[in-house]
Amino acid sequence: MTKYILRRIFYLFLTLFIIATITFFLMKMLPGTPFSNQNRMSAEQLKIVKAQYGLDQSVFVQYVRYLGGLLQGNLGTSFQFNNEPVTLLIGQRLAPSMQIGAQAMIVGTIFGILLGAVAAIRKNTWVDTLATFVSILGLSIPSFVLAVLLQFYLAYKWKIYPVALWDNFQSSVLPTIALAALPLGTVARFMRTEMVDVLSSDYIELAKSKGNSNWKVVTKHALRNSLIPVVTIIGPMAVSVMTGSMVVENIFSIPGIGEQFVKSITTNDYPTIMGLTIFYSFLLIIVYLIVDILYGLIDPRIRLGNGGKE
Amino acid sequence: MEKILEVKDLHVDFDTYNGTVHAIRGVDFHLNAGETLAIVGESGSGKSVTVRAVLQLLASNAKISKGEVLYHGDDLLQKSDQDMDKIRGNKISMIFQDPMTSLDPTMTIGKQVAEPLLIHNNVSQKDALQRAEEVLRLVGIPNPKARMNDYPHQFSGGQRQRIVIAIAIVDYPEILIADEPTTALDVTVQAQIIDLLKELQQKIGTSIIFITHDLGVVAGIADRVAVMYAGRFVEYGTVNEVFYNPQHPYTWGLLDSMPTLDTSESARLNSIPGTPPNLLNPPKGDAFAPRNKYALEIDEEEQPPFFKVSKTHYAATWLLHPDAPKVTPPAGILKRFEKFQKLGGNAK
Amino acid sequence: MEQIPQIPKEKFKLVHDDNNKEQEKIGTPSLTYMQDVRRRLFKNKVAVVCLTLLSIIVLISVFAPIIAPHNPNAQQVTMSNLPPKLGQLNIPGFNGYQNMGGHMVDAYKQAGAPKDAFYLLGTDYLGRDLLSRIIYGTRLSLVVAVLATLVDLLIGVPYGIVSGWKGGKTDTFMQRIVEIVSSIPNLIVVILMMIVLKPGLTSIVIAIAITGWVTMARLVRAQTFQLKEQEYILAARTLGESSTKIATKHLIPNLSSTIIIQTMFTIPNAIFFEAFLSFIGIGIPAPNASLGTLLSDGQKAFRFLPYQMWAPAIILSIIMIATNLLGDGLRDAFDPQSSDH
């Protein structure tokens, strides 16, 4: 297990290195500079500005410098936004993104598990059909469509929640719902499949033959066994929540990282795009790593080595 | 002898994609206190369904359409699921076929063995685990104290089956249903498990219903044997009666396809031609008739009733009707008849 | 049990001679695997409805130039932001009336539209016919989906087969690449590609393809690994069949279910990515319409002209729901164990 974790951490750094490299060179390939769409500068001014950002050096020197900076946790300096360091930008905007992201993950996972479990237990009844329908809706309707609909009806028309405001918990409700739909659908579907499988397994029949009530069979044996594989989809779910957050933050005007990312894209703020790309990748790879370790810890077949194959 | 379990005219149907499958079509049998009854038949004949119907552990698309399951005279089919929970694992328990998949992979075996005790008796967790440890020792798990906290994947197949047996007997059930408990195991381990079951029966005095498709196993453990075909019993009697004085052509076929010590190396084993009928539309007459070279015309029209051979031996074949022609069974069966006479029986 | 029924004596006659052919008859007629799959799929009502819906959408997209009532990019500024209207029929919501300052006004009359002019789904802020734009937009989204799927098949399937079939060092190496590519969040790659390449159809397809094949390759590899050990494949190898022949005769047919099912999940994914990219403004460039750009435009005016958002949102959702459900139906049809009985 330790060896496995070490290998994973090695891959984490390798992946980050590759991402940093790709990002750097892609950005260098871009036509024009961020200054080209700013107000006309004289050649002299341009030279000064370029030197200030280190753009007068060769690409290779810039690359080495960039990597060196990364190792010290320096993600570069934004061209826009008053030359703020990207790390500072992230720092200021991390909290709202994390809040709605975490809320969406928690809400989506918990309700997804419940929905999937209920569907599996009541397989082939109207409850199952309804649950499947809800999870397909959650899976299929893009978060930005849902966000706009929620904003229009619950905020604008019926005035239950603020339209586009970021101050208290109230204002995080709608973005959370919009973001939670996809994880909810994914988890519910996955959970249903797993649980149907588990419920038809021999050990569940044995558990029932011991005299367990149906409720106890589910809570003591079926749930735990179906939940273990559900852990594996937390990683991909984090990705989808992140994707969703970019547009959802935009729609609800939440001062988060996703909104910043989209803004940087539209303003060609390359250092910020690079910095955020690496930050996002780092975040996701860490999530994947944690999920992997967690999976190993909760499944005795992996924790205690061997026997994974049966 | 006291009949502790009596199944009467049991019918089980399955709703499937293709229509209703009539898996069990009128099964009657009883189990005496302390005896071992073996139910023999090929795959799909309905052995497992029959015993699962007794415990009402059938799949959700199954329906017991008719019949009674009397446990000490009480019809289990009339009981609520909650009342059945009090019987399962306590009065009647079950051993499953595949030890590799029958244990919960995420629970320690100590807890799994102790579980029935905690469900049915008012005992503390500590006492239940204590008792689980004793039972694990009883079924032959070496060093049970240390292994209580291990998970199923840390045991071999034979050991896992011992654990499954430990779970079944931990609460001293009156009836133990063993559904092909040795099929998934190596031959050497099979014998050990059979010996273990016999030993446990002596120690705790339980009655056993033993399901198998392997006639060789039956001789070693059973007191009585019932032969099942296409959802019905075709013959039942004591081990000697069924083995050495078989009356139904299907039993003949089964016994004839089994190698014996007399089978010479060069001889080919006999087989029964054809396949069992499709139980979506069960045949009107004797289900075995299409594969039966001794079939009579009446077999295709009417289901044969059970004809009495002896006080304990019955067979459902028209060949036992007084008007039926005399047929000569296969040579292997004739040899068995001779042996039966030597045993003091009166072969037909 | 004791009483013996009265049966006419002539019924007790042996019926079979020794070599009866009847004995070998098998009860149920056998169906080929594909027949069985088709039968199961068509018995699934939800899947049939989805298949029909998708077929209609695909047909409309294919024949867009014939079906669309207007040129999707033709601007007519005088006719901007007209609400939906269906001929002279006075159906609420489709009568050309619009809420202006608290009371309903005939927007067509105000804009000075000819008496017989109507737009079924209204017009956008440049007076372009929304219905035509949606038809062409759907067409573009489907083209993205089809191209992305093709790349998926052309890269992912051979990659998976080679990796799974060769095994050993080749497999380890190929899997390392997969591991690295799949640990890079695909959205990031897609966005980076979109920034570097010029926005447009090709860029979107390339961007989606760069990361999209990984899942397919993984599934195909796992399946190939299993198939390789199957007896009939071993038999074919022992008999000296060439690798290509084994791949085409034995592997591909047995992989087809995995591939088809995965494809049904690639399609909505590609459509989603296109919509997402266009929505944040780096997808299909103006003036061309895709479902994503239509949603993006619609969202801007949603508060006052909700119909501009509703129509593309509904179409996009229908495509996503239908492909997902059809994918489910196909999985159940291919693998009956995964479903119920």
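Observations, loosely collected:
- Number of positions in the range B:197-214 that are more than 15 Å from B:ALA33 (Cβ to Cβ) and surrounded by fewer than 19 Cβ atoms within 10 Å (Cβ to Cβ): 5
- All told, A:ILE228 falls short of being in the same structural domain as A:ALA131 (by the TED database), surrounded by 21 or more Cβ atoms within 10 Å (Cβ to Cβ) and aliphatic (A, V, I, L, M).
- Counted residues, the range B:293-305 - those being more than 24 Å from the chain's Cα centre (by Cα) and either closer than 14 Å to B:PRO249 by Cα or not hydrophobic (A, V, I, L, M, F, W, C) (or both): 9
- Pick from the range A:148-162, criterion more than 9 Å from chain C (Cβ to nearest Cβ) and not basic (Lys, Arg), ranking: surrounded by the most Cβ atoms within 10 Å (Cβ to Cβ): A:LEU150
- Taken over the range B:4-48, residues that are part of a strand (DSSP E or B) and without any contact (Cβ under 8 Å) to a residue 40 or more places away in the chain amount to 1.
- Among the residues making up the range B:133-155, those that are within 10 Å of chain A (Cβ to nearest Cβ) and in contact with a Leu (Cβ under 7 Å, 6 or more places away or on another chain) are B:TYR151, B:PRO152, B:GLN154.
- A:LEU223 meets the stated requirement of being surrounded by fewer than 18 Cβ atoms within 10 Å (Cβ to Cβ), more than 9 Å from every other protein chain (Cβ to nearest Cβ), aliphatic (A, V, I, L, M) and within 19 Å of B:GLN112 (Cβ to Cβ).
- When we screen C:GLY137, C:GLY160, C:GLY156 for residues that are modelled with pLDDT of 75 or more, in a helix (DSSP H, G or I) and touching a Lys or Arg at 6+ places or on another chain (Cβ under 8 Å), the only hit is C:GLY160.
- Within the option set C:ARG139, C:ARG218, being within 14 Å of chain A (Cβ to nearest Cβ), among the charged types (D, E, K, R) and in contact with a helix residue (DSSP H, G or I) (Cβ under 9 Å, 6 or more places away or on another chain) holds for one residue only, C:ARG218.
- Residue pairs whose Cβ atoms lie under 6 Å apart, separated by 6 or more positions or on different chains, with the first residue in the range C:130-146 and polar (S, T, N, Q) and the second in a helix (DSSP H, G or I) and surrounded by 24 or more Cβ atoms within 10 Å (Cβ to Cβ), are C:SER141/C:ILE271; C:SER141/C:GLU274; C:SER141/C:LEU291.
- Residue satisfying condition, being at pLDDT 75 or above and farther than 30 Å from C:PRO253 by Cα, within set C:ALA107, C:ALA47, C:ALA68, C:ALA74: C:ALA68
- Within the range C:219-249, the set of residues being under 26 Å from the mean Cα position of the chain (by Cα) and modelled with pLDDT of 80 or more comprises C:LEU219, C:VAL220, C:ARG221, C:ALA222, C:GLN223, C:THR224.
- Among residues of the range B:85-109 that are at the interface with another protein chain (Cβ under 7 Å from one of its Cβ atoms), those with a Cβ under 6 angstrom from a residue that is among the basic types (Lys, Arg) and surrounded by 24 or more Cβ atoms within 10 Å (Cβ to Cβ), sequence gap 6+ or separate chain, pair up as B:GLY89/A:LYS210.
- Subset tally (residues that are under 22 Å from the mean Cα position of the chain (by Cα) and either in a loop (DSSP other than H, G, I, E, B) or of a type outside the set (Ser, Thr, Tyr) (or both)) for the range B:312-326: 5
- Within the range B:39-96, being more than 30 Å from B:PRO273 (Cα to Cα) and among the acidic types (Asp, Glu) holds for B:GLU68, B:ASP74, B:ASP75, B:ASP81, B:ASP83, B:ASP85.
- Test: C:SER182 is buried (at least 16 other Cβ atoms within 10 Å of the Cβ) and either among the charged types (D, E, K, R) or facing chain A (nearest Cβ under 10 Å) (or both): yes
- Any hit, the range B:282-299, residues being away from every other protein chain (no Cβ under 14 Å) and in contact with a Pro (Cβ under 7 Å, 6 or more places away or on another chain): no
- Where C:ILE191 falls short, out of the listed (1) within 12 Å of chain A (Cβ to nearest Cβ); (2) touching a residue at least 24 places away in the same chain (Cβ under 8 Å); (3) under 30 Å from C:LYS249 (Cβ atoms): (3)
- The range A:88-122, residues that are buried (at least 24 other Cβ atoms within 10 Å of the Cβ), closer than 17 Å to A:SER172 by Cβ and of a type in the set (A, V, I, L, M): A:ILE100, A:ALA104
- Check on C:LEU201, surrounded by 15 or more Cβ atoms within 10 Å (Cβ to Cβ) and facing another protein chain (nearest Cβ under 8 Å): no
- In the range A:255-276, the residues that are within 11 Å of chain C (Cβ to nearest Cβ) form Cβ pairs under 6 Å with partners that are part of a helix (DSSP H, G or I) and β-branched (Val, Ile, Thr), at six or more places apart or across chains, as follows: A:SER264/A:THR272; A:SER264/A:ILE273; A:MET274/A:THR23.
- Candidates B:THR275, B:THR260, filtered to the one that is over 14 Å from the mean Cα position of the chain (by Cα), in contact (Cβ under 8 Å) with a residue 24 or more places away in the chain, surrounded by fewer than 18 Cβ atoms within 10 Å (Cβ to Cβ) and outside the structural domain of B:ASP28 (by the TED database): B:THR260
The values are calculated or read from the model by the stated rules, or taken from the named source; none is laboratory data. Only a predicted model underlies this, so the values are computations on that prediction, with no experimental measurement involved. All Cβ positions, even for glycine, are placed from backbone atoms using ideal geometry, and neighbour counts span all protein chains on display.
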